[in-house]
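The block underneath contains the structure these notes are about, expressed in C-alpha cells.
The values are calculated or read from the model by the stated rules, or taken from the named source; none is laboratory data. Computed from a predicted structure; not experimentally measured. Every residue, glycine as well, gets a Cβ built from its backbone with ideal geometry; the counts of neighbours run over all protein chains shown.
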Amino acid sequence: MSHTTAPAVISSIASPADADAFRELNEEWISRLFTLVQEDRAVLADPFGRILARGGDVLVARETAEGPVLGCIALLAHPGAVFEVAKMAVAPGAQGRGLGRRLLTAAIERSRTLGATRMFLGTNSKLGPAVHLYEQAGFVRITRDRLPVADYYARADILMELGL
C-alpha cells in the first residue's frame, strides 16, 4: 500500500495555541485507548513548565508554517543525558502520510543537539504501527530495570531504548 507523504514543517512548540494542540491531540488518543492519568494531565496542561523548563522540548508538525498543528512529540529530559520520547500523536485525519516517522526522526535529531546519549520510551502492544515505527528507527526492547525512572506508566507494556 502506498502512502503519500505530506509536506511538513516541524518546529519547537512556541505559543499557547501550540500547547493547546499538543494537549488536545494527546487527550484524544489516550482517552480513546487508555485512561488519562494525573501525570498525563499535568504534563499536557503545562508543556512549557513540565517539559521545556526542565531541558526537554515538544516538536509540532504542520503542513505549512501557518497551518494547524497536525502532530506532536515530546522529549522529556532525565539525568545522565537521557531523553524520553513521549506524547507522540498525529491527528486522525493526517495519519498514514509519514508525519509520525518525520516527527520521530526530528525528535532523535533534536535530542542529539540537546546532548542526549540515550533515548527511551514506553508504548503499548495495542499501538502496533507505533511499535513498528520505533523498531524501524532503531529502538530495541528493554526490561523495566533499564529505565532511568522508578515509577513508570502502567499502560506501557513495551519498553524500548535507542543509543545515540
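Numbers for the structure displayed
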| item | result |
| --- | --- |
| Residue match in the range 62-70 (condition: touching a Gly at 6+ places or on another chain (Cβ under 6 Å), closer than 16 Å to ILE10 by Cα and hydrophobic (A, V, I, L, M, F, W, C)) | no |
| Positions within the range 137-146 being surrounded by 13 or more Cβ atoms within 10 Å (Cβ to Cβ), of a type in the set (A, V, I, L, M, F, W, C) and under 17 Å from the mean Cα position of the chain (by Cα), in sequence order | ALA137, PHE139 |
| Residue in the range 53-69 that is more than 13 Å from the chain's Cα centre (by Cα), within 24 Å of ALA42 (Cα to Cα), at pLDDT 95 or above and of a type in the set (A, V, I, L, M, F, W, C) present | yes |
| Within the range 18-45, tally of residues that are touching a residue at least 12 places away in the same chain (Cβ under 8 Å), farther than 19 Å from GLY100 by Cβ and surrounded by fewer than 19 Cβ atoms within 10 Å (Cβ to Cβ) | 4 |
| Exclusive hit being in contact with a strand residue (DSSP E or B) (Cβ under 9 Å, 6 or more places away or on another chain), surrounded by 19 or more Cβ atoms within 10 Å (Cβ to Cβ), of a type in the set (A, V, I, L, M) and under 26 Å from LEU164 (Cβ atoms), set LEU75, LEU70 | LEU75 |
| Given (1) more than 14 Å from ILE73 (Cα to Cα); (2) outside any loop (DSSP other than H, G, I, E, B); (3) of a type in the set (Ser, Thr, Tyr), number of the condition SER11 does not satisfy | (1) |
| Odd one out for PHE139, checked against (1) closer than 21 Å to VAL9 by Cα; (2) at pLDDT 95 or above | (1) |
| Test: LEU121 is hydrophobic (A, V, I, L, M, F, W, C), under 13 Å from the mean Cα position of the chain (by Cα) and more than 16 Å from ILE13 (Cβ to Cβ) | yes |
| Meets criteria (surrounded by 15 or more Cβ atoms within 10 Å (Cβ to Cβ), more than 13 Å from the chain's Cα centre (by Cα) and acidic (Asp, Glu)) for GLU161 | yes |
| Any hit, the range 40-51, residues being closer than 17 Å to ASN124 by Cα and part of a helix (DSSP H, G or I) | yes |
| Failed item in (1) surrounded by 17 or more Cβ atoms within 10 Å (Cβ to Cβ); (2) more than 21 Å from LEU59 (Cα to Cα), with TYR134 passing the rest | (2) |
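Residue by residue, here is whether (1) at pLDDT 95 or above; (2) closer than 21 Å to LEU147 by Cα holds:
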residue: SER12; (1), (2): yes, no
residue: SER15; (1), (2): yes, no
residue: ALA19; (1), (2): yes, no
residue: ARG32; (1), (2): no, no
residue: ILE73; (1), (2): yes, yes
residue: VAL82; (1), (2): yes, yes
residue: VAL85; (1), (2): yes, yes
residue: GLY98; (1), (2): no, no
residue: SER111; (1), (2): yes, yes
